[in-house]
Amino acid sequence: MNDPWLKERVEAIRALKNPTEHQRALLLLFDNPARNIDEERKLSALAKAERAAVRAQKARANATRALKEDRLSQRRARDQLAIVRGALIDCAVLENRDPGELLGALLCFIEQGTPCDRESWKQTGDALIARQMTAGVPTARTRTTASTRTRANSPAKPL
């Protein structure tokens, strides 16, 4: 059998640590120079099966790669959404609020907000975002430092 692919594949199989039973049979038949017609047929069948196995392995690798890329794009989308949500909290100077308080306020917003309320809240939020974008969004550290200085310089309020 003068198949260049088969010769390369036999060399690759020889390099394997644990070849399969089919691969060992392929090696035995390939190494036998005096093959009869039946052995030639078996060698041809084993070579065909080995080609199919290589194609199947490539197909599995491609499928795994496609699934991995899909999971990666989903993770990137989730990460981007989390970044945007965090930026909105920073824009509204809410970073010093308790997360439970913020979640409770959002749940209340979802349950009690009417469509008119939601539209006015959206307009207010869009206006704040536009102002922040044109003015350049200050970092959370700058806002926190400025608000801490203001509280430190103001007299204490009686309870």
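For the reader, a short list of remarks on this structure follows.
- Residue within the stretch 62-75 that is under 30 Å from ILE129 (Cα atoms), part of a helix (DSSP H, G or I) and either of a type in the set (Lys, Arg) or in the same structural domain as ASP126 (by TED's automatic domain parsing) (or both) present: yes
- Selection status of GLN23, of a type outside the set (D, E, K, R) and closer than 30 Å to ALA130 by Cα: no
- Selected residue (criterion: nearest to GLN23 (Cα to Cα)) from residues of the stretch 49-71 that are acidic (Asp, Glu) and under 19 Å from the mean Cα position of the chain (by Cα): GLU69
- Residue check, ALA45 surrounded by 10 or more Cβ atoms within 10 Å (Cβ to Cβ), small (Gly, Ala, Ser), under 30 Å from the mean Cα position of the chain (by Cα) and closer than 30 Å to ARG24 by Cβ: no
- Residue match in the stretch 85-102 (condition: surrounded by 10 or more Cβ atoms within 10 Å (Cβ to Cβ), in the same structural domain as ASP126 (by TED's automatic domain parsing) and in a helix (DSSP H, G or I)): yes
- Hey, ASN18 in a loop (DSSP other than H, G, I, E, B), over 29 Å from the mean Cα position of the chain (by Cα) and in contact (Cβ under 8 Å) with a residue 12 or more places away in the chain or not: no
The values are calculated or read from the model by the stated rules, or taken from the named source; none is laboratory data. These numbers come from a predicted model, not from an experiment. Cβ atoms come from the backbone with ideal geometry, glycine included; neighbour counts cover every protein chain shown.
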